[in-house]
Amino acid sequence: LLSPVSELFVSAPGKAILHGEHAVVHGKVALAVSLNLRTYLRLETSTTGKVCINLPNIDTFFCWDVSELKQLITYSHDVTNGNLDTSNMATLSFLYLYLSLFRSGELPSLTVSVWSELPTGAGLGSSAAYSVCLAAALLSASGAIPTPLKEWDHTGRWCQEDLELINSWAFQGETIIHGNPSGVDNAVGTWGGMLRFLAGKIIPLNRVPLLRILLTNTKVPRSTKVLVARVKDKINKFPSIMTPVLDSVDAISCTCEKVLSEMTCEPITGEHYNILEELIDINQHHLNVMGVGHPTLDTLCQVTRTRGLHSKLTGAGGGGCGITLLRPETDYSVVQSTVQDLRDCGFDCWETSIGGPGVQQHSPLSIKEESLEILRRY
Ligand SMILES: Nc1ncnc2c1ncn2[C@@H]1O[C@H](COP(=O)(O)OP(=O)(O)O)[C@@H](O)[C@H]1O
Ligand SMILES: C[C@@](O)(CCOP(=O)(O)O)CC(=O)O
Ligand SMILES: [Mg+2]
């Protein structure tokens, strides 16, 4: 257990799915990569007899007496049903992990504050980054895993076995938020980098070319849970029509993986990029067939197409974010004018670097001052 009145900081990255969103829920391959946008969590143990959670991104702040929470332990296995809003889902996944991880001993008083650079509910895996941070911090506070930060370092990473435990509890948190997650998002939040995910099996892709990606947030709100359920209904209604679509997405992920690996062992040619672009276009059509497109995502594709660039939605769709592949030779001026066109549509748009580290423990010195100020405000 952490000593009374001590402070712990952790962070986890968001992700972009290159190919395989939704199909991955039905046992197909997905390729996903971590982003350089992160969620930060501060946990402070106290002697106040209270448990508090501060979630300023979603304007949610709660405090309970530890004695009140004790009575909830018997119900904590049965919380995943029912329709919950944004704030309730986040609160419930915190309570579920807190009560589960401390169920055998005394319930400790503590305050948890979370602040994210990621837009919430936009397809960049904010729910998974949140769940991974909760799992890492609460497992560490309970003594189930050690705190990896060395006195002289700014960041610390857990060993493989501890990461597996963090990932499995983060999956439980995701289940409360998503209903039926594939597990790809929490795997990227835990391990970072680029990975291939198939039916719970995680294969890190260490040899991948550096990809330039433009991220666009249409700012149309949506819920992953609702969209995943919508796709499931469609598959149940038209199994013989939808199964080949899912199989085709699987083949797209596999072809993309093959091309990416070729690009690391032979000189990169224009043809490699032509194939990557065609795969993006085909997958975007498939996602529309699945019923997870949105007029704003069509606009994104059309606007970037006029600049010779190819885009698809990323994550659950129905609004939220899309990715645009930039070619190595894509001129800075083309990127600038595309970004401006997309901003004129009312979207947020920025070029991003990919492949950031997975879940980490931090010293306060390694957290940007403005984030630290927000985390310590409550
Ligand atoms: N920083 C955060 N603070 C609190 N809750 C969060 C945070 N980030 C995500 N969540 C939870 O995750 C939900 C969004 O998850 P989801 O619909 O899967 O979208 P995505 O994972 O694509 O951002 C929010 O409604 C909220 O419950
Ligand atoms: C649609 C899906 O494939 C990804 C959802 O990602 P996000 O919550 O929209 O970031 C669902 C899943 O894999 O659990
Ligand atoms: Mg999510």
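For residue 24, all conditions in the list (1) more than 11 Å from ligand 2 (Cβ to nearest atom); (2) more than 27 Å from residue 363 (Cα to Cα) hold save one; what is the number of the exception?
(1)
Name every residue in segment 219-234 that is more than 13 Å from ligand 2 (Cβ to nearest atom) and either in contact (Cβ under 8 Å) with a residue 12 or more places away in the chain or within 30 Å of residue 273 (Cβ to Cβ) (or both), in order of residue number.
219, 234
Taking segment 86-143, which residues are β-branched (Val, Ile, Thr) and within 15 Å of ligand 3 (Cβ to nearest atom)?
86, 114, 120, 132
Across segment 148-162, which residue is most open to solvent (accessible area, probe 1.4 Å) among those that are in contact (Cβ under 8 Å) with a residue 40 or more places away in the chain and touching a Gly at 6+ places or on another chain (Cβ under 7 Å)?
149
Going by the structure shown, is residue 366 touching a strand residue (DSSP E or B) at 6+ places or on another chain (Cβ under 7 Å) and modelled with pLDDT under 95?
For residue 366, the condition - touching a strand residue (DSSP E or B) at 6+ places or on another chain (Cβ under 7 Å) and modelled with pLDDT under 95 - is not met.
Yes/no matrix, rows are residues, columns are (1) of a type outside the set (Gly, Ala, Ser); (2) more than 29 Å from residue 305 (Cβ to Cβ); (3) at pLDDT 95 or above:
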site: 176; (1), (2), (3): yes, yes, no
site: 183; (1), (2), (3): no, yes, yes
site: 194; (1), (2), (3): yes, no, yes
site: 209; (1), (2), (3): yes, no, no
site: 219; (1), (2), (3): yes, no, yes
site: 230; (1), (2), (3): yes, no, yes
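Take segment 29-50 and flag every residue that is open to solvent by 40 Å² or more (accessible area, probe 1.4 Å) and either free of Cβ contacts under 8 Å to residues at least 40 places away in the same chain or within 30 Å of residue 252 (Cβ to Cβ) (or both).
Answer for segment 29-50, where residues must be open to solvent by 40 Å² or more (accessible area, probe 1.4 Å) and either free of Cβ contacts under 8 Å to residues at least 40 places away in the same chain or within 30 Å of residue 252 (Cβ to Cβ) (or both): just 36.
Scan segment 194-240 residue by residue and report those that are open to solvent by 100 Å² or more (accessible area, probe 1.4 Å) and part of a strand (DSSP E or B).
Listed by number, the list holds a single entry, 201.
Based on this model, can you work out whether residue 134 counts as open to solvent by less than 20 Å² (accessible area, probe 1.4 Å), farther than 20 Å from residue 92 by Cα and modelled with pLDDT of 95 or more?
Criteria not met by residue 134.
Mind checking which residues of segment 352-378 are touching a Ser or Thr at 6+ places or on another chain (Cβ under 9 Å) and open to solvent by 70 Å² or more (accessible area, probe 1.4 Å)?
376, 377, 378
Of the residues that sit in segment 110-122 and are open to solvent by less than 20 Å² (accessible area, probe 1.4 Å) and in contact with a Ser or Thr (Cβ under 7 Å, 6 or more places away or on another chain), which one is farthest from residue 14 (Cα to Cα)?
Applying the filter and picking the extreme gives 110.
State the number of residues belonging to segment 88-127 that are touching a strand residue (DSSP E or B) at 6+ places or on another chain (Cβ under 7 Å) and within 16 Å of ligand 2 (Cβ to nearest atom).
Summing the residues that are touching a strand residue (DSSP E or B) at 6+ places or on another chain (Cβ under 7 Å) and within 16 Å of ligand 2 (Cβ to nearest atom) in segment 88-127 gives 10.
Look through 313, 325, 287 and report the one residue that is at negative phi, of a type in the set (A, V, I, L, M, F, W, C) and away from ligand 1 (no atom under 16 Å from the Cβ).
After ruling out the rest, the residue left standing is 325.
Among the listed residues 322, 308, 317, 346, identify the single one that is open to solvent by 10 Å² or more (accessible area, probe 1.4 Å), under 24 Å from residue 252 (Cβ atoms) and modelled with pLDDT of 95 or more.
Criteria check complete, one pass: 308.
Within segment 163-187, restricting attention to residues that are farther than 21 Å from residue 232 by Cβ and open to solvent by 30 Å² or more (accessible area, probe 1.4 Å), which residue is nearest to ligand 1 (Cβ to nearest atom)?
Ranking the qualifying residues of segment 163-187, first place goes to 169.
So residue 137 passes all but one of these: (1) out of contact with any Ser or Thr (no Cβ under 6 Å at 6 or more places or on another chain); (2) within 16 Å of ligand 2 (Cβ to nearest atom); (3) not in a strand (DSSP E or B); (4) not polar (S, T, N, Q). Which condition number does it fail?
Going through (1) out of contact with any Ser or Thr (no Cβ under 6 Å at 6 or more places or on another chain); (2) within 16 Å of ligand 2 (Cβ to nearest atom); (3) not in a strand (DSSP E or B); (4) not polar (S, T, N, Q) one by one, residue 137 breaks only (2).
The values are calculated or read from the model by the stated rules, or taken from the named source; none is laboratory data. Just so it is clear, the model here is predicted, and its values are computed rather than measured. Heads up, the Cβs are rebuilt from the backbone with ideal geometry, glycines too, and the neighbour counts pull from every protein chain shown. Areas reflect the complete protein model, heavy atoms only, side chains present, ligands, DNA and RNA absent. Shrake-Rupley method; radii C 1.70, N 1.55, O 1.52, S 1.80 Å.
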